[in-house]
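Please read through the structure below; I'll follow up with questions.
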Amino acid sequence: MIKAILIFNNHGKPRLIRFYQYFAEDMQQQIIRETFHLVSKRDDNVCNFLEGGSLIGGSDYKLIYRHYATLYFVFCVDSSESELGILDLIQVFVETLDKCFENVCELDLIFHMDRVHYILQEVVMGGMVLETNMNEIVAQVEVQNRMEKSEYLATFLNSIKEN
């Protein structure tokens, strides 16, 4: 099961935080710092998974990550998850973000946080993988975007009628 998904930049600033297991706010911040420290000090040519830090469960948990440009995508999982399966899931998530934002970058994660969370919820919910087909995820995001636009248009037209 996926326990947490963390995305942070090269300087350790969190850009997306999603915990699927309860941790107090101060403990979450410590986990984020420890996770960044563990992941960022590793060479780019070493394995992309390692034992979880002492704060998030130690040897029973694994940190599986990918480093793309200025962002680290880190999934904290328990021992029942496949490392290679999670690496593939990270790849699907990043490629989906690329399709939805046309070359995703750190600013997309900052200024379109709601869309990023929606995309993540299409992939993972409650710590369980829901969808791995990128075309299906993108199709659902497009449906959501059309619904938002039609609701915005309806609200706009109603406000014009009232005036």
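Mind checking the dipole of the chain: about its Cα centre, +1 per Lys or Arg Cβ, -1 per Asp or Glu Cβ, Debye to the nearest 20?
The calculation lands at about 300 debye.
Run the numbers for GLU162 and LYS13: contour at 0.36 nm per residue of separation, minus the present Cα-Cα distance, in nm.
Extra length available between GLU162 and LYS13 comes to 49.2 nm.
I've got another one for you. Taking all protein chains as present, what is the carbon and sulfur share of the accessible area of the chain, in % to the nearest whole number, probe 1.4 Å?
Its accessible area is 52 percent carbon and sulfur atoms.
Taking only protein heavy atoms and a 1.4 Å probe, what accessible area per residue, in Å², does the chain have with all protein chains in place?
That works out to 57 Å² per residue.
If you average 1/r across every pair of different Cα atoms in segment 52-163 and take the reciprocal, what Kirkwood value do you get, in Å?
The answer is 16.0 Å.
Let me ask something else about it. For the chain, modelled as a GNM with alpha-carbon contacts under 10 angstrom, which of TYR61, TYR152, TYR72 fluctuates the most?
Between TYR61, TYR152, TYR72, it is TYR152 that shows the largest mean-square fluctuation.
Report, in listed order, any pair from LYS3/LYS62; LYS3/LYS99; LYS13/LYS149; LYS13/LYS99 with a Cα-Cα distance greater than 21 Å.
LYS3/LYS99; LYS13/LYS149; LYS13/LYS99
For the chain, set up a GNM with springs between Cα atoms under 10 Å and report which of LEU97, LEU50, LEU63 has the largest fluctuation.
LEU50
Before rounding to the nearest 500, sum -39500 (n - 2.57) across all DSSP H runs of length at least 4 in the chain and divide by the residue total; then give [θ] at 222 nm in deg cm²/dmol.
-16500 deg cm²/dmol
How far apart, in nm, are the 7 Å Cα→Cβ label points at THR70 and THR155?
3.0
Rounded to the nearest 0.05, what FRET efficiency is calculated for ASP114 and GLN30 with R0 set to 35 Å and r the Cβ-Cβ distance?
0.85
Defining a contact as two alpha carbons under 8 Å apart and six or more residues distant in sequence, what relative contact order in percent does the chain show?
Relative contact order here is 21 percent.
When the chain is modelled as a GNM with alpha-carbon springs shorter than 10 Å, which of VAL141, VAL123, VAL74 fluctuates the most?
Between VAL141, VAL123, VAL74, it is VAL141 that shows the largest mean-square fluctuation.
The values are calculated or read from the model by the stated rules, or taken from the named source; none is laboratory data. Bear in mind that the values here come from a model prediction, so they are computed numbers and not experimental data. Glycine gets a Cβ as well: all are built from the backbone with ideal geometry, and neighbour counts include every protein chain shown. Protein only, heavy atoms only, side chains kept; ligands, DNA and RNA dropped before computing areas. Shrake-Rupley method; radii C 1.70, N 1.55, O 1.52, S 1.80 Å.
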